[in-house]
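Notes follow the structure.
Nothing in this text is a laboratory measurement; each read-out follows from the coordinates by a stated rule. Model, not experiment: these values are computed from the prediction. Positions of Cβ are backbone-derived with ideal geometry, glycine not excepted, and every protein chain shown enters the neighbour counts.
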Amino acid sequence: MKIPAALNMFLLLCVGASVARGLITPEKINNIEERLRATEVILSELKRENEARKVAFSAGLLASGTQHTGPFEDSRTLVYQKIFSNIGNAYNSNTGIFTAPVKGVYFFRFYGHSHAANKMAVSLHKNKERQCSVYSHKPESNLNGNGSNGVVLTLEKADEVYTQLWKDSWVYDEDSSFTSFSGFMLFPL
């Protein structure tokens, strides 16, 4: 914030008068300057921490087009390529992995979609440990299978969160992003 010229002149006159009368000594000025520098350092650190806490992402499985993913002979990490938002760049669209930038409490939600006669099973993992899942076992003809789940997780800095498609199952996606993955920080710890 810029101080108006008249106010600035007034403050200089007050300080000058105080120095002339001995009310403000050079030691007091040095003390005030040291405290001001310390306050600036703290403010800078708080600004940096506040920026690191801005974490949110949302992504659809396919960048464009229509296709199913799977089935595979083993579990596979789903790589969501249609990025709606990635504030803080904690989600990596090349690997499908969210990496916590700071220790905190986070919320994650994921959706899976399948067509008739196809098993759909997806799990959310934290550091290779399954946290929760969605499952649809071969819906009847002309019906689609959908699943959604969400979880609040306490993460340390550098913890990884991702979804995996189960062995021998598949998900479907198209431009409407039926299969998606989102997360955001609730608060830091």
- Query: How would you order 118-125, 59-66 from highest to lowest mean count of nearby Cβ atoms within 10 Å?
  - Reply: 118-125, 59-66
- Given pairs 54/103; 128/157; 54/157; 126/157 and cut-off 18 Å on Cα-Cα distance, the over-length ones are none
- Output for the chain (equivalent-ellipsoid semi-axes, sqrt of 5λ from the C-alpha gyration tensor, Å, descending) is 57, 16, 11
- By average C-beta atoms within 10 angstrom, highest first, the peptides 176-185, 80-89, 98-107, 30-39: 176-185, 98-107, 80-89, 30-39
- Item | Within the chain: Cβ-based charge dipole about Cα centre, in debye rounded to nearest 20 (Lys, Arg +1; Asp, Glu -1) | 480
- Based on DSSP H runs of at least 4 residues, each adding -39500 (n - 2.57), what is the mean residue ellipticity at 222 nm of the chain after dividing by all its residues, to the nearest 500 deg cm²/dmol? -8000 deg cm²/dmol
